[in-house]
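Below is one structure, written out as structure tokens, with a few remarks after it.
Only the coordinates and a few stated rules stand behind these numbers; no lab work does. Keep in mind the model is a prediction, meaning the values are calculated, not measured. A quick note on method: Cβ atoms are made from the backbone with ideal geometry, for glycine too, and the neighbour counts reach across all protein chains shown.
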Amino acid sequence: MTTASTVLRVRLVGGSSMDVTYEDPEAGSDAEAIDNVVATLSNDSGVLRCRHGDRLLVLYARGIAAVEVAPRGAVL
């Protein structure tokens with residue numbers, strides 16, 4: 001079974017942004033993983049576990065202003 005993985009550019013409420021990798025082993029495709037991200041972040045209490053480089057990062061929905069989705073690699 002493959003893990004759906006996508007790169008998210010997250011813009012925080014404070015104005016800064018970062019690129020993180022979100023992986024969802026239960027999603028059958030990247031589109032399903034993105035749907036899970038949107039559903040999770042639509043709740044004020046939503047929490048996503050992501051990676052930023054080698055670090056585990058936990059994103060809380062209340063601190064996110066916007067999310068851009070791109071294929072793996074640099075966002076141009």
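Using C-alpha pairs under 8 Å with a sequence gap of at least 6, the mean separation divided by the residue count of the chain gives a relative contact order of 37 percent. Amide H contacts under 5 Å for residue 27: 4, restricted to partners 5 or more places along the chain or on a different chain, H placed in the peptide plane at 1.01 Å from N. The dipole here belongs to segment 4-70: it is taken about the Cα centre, uses +1 on the Cβ of Lys and Arg and -1 on the Cβ of Asp and Glu, and is about 360 debye. Along the positive direction of the dipole of segment 4-70 (beta-carbon charges: Lys, Arg +1; Asp, Glu -1; about the Cα centre), which of 15, 50, 25 reaches farthest? Going by the Cα projections, it comes out as 15. Our helix-only sum for the chain, with -39,500 (n - 2.57) per DSSP H run of n ≥ 4 divided by its residues, gives a mean residue ellipticity at 222 nm of -5000 deg cm²/dmol.
Both radii were evaluated on the Cα set of segment 4-70; the Rg over Rh quotient, with Rh as the Kirkwood radius, amounts to 0.93. Relative to the dominant Cα principal axis of the chain, helix 30-41 is inclined by about 30°.
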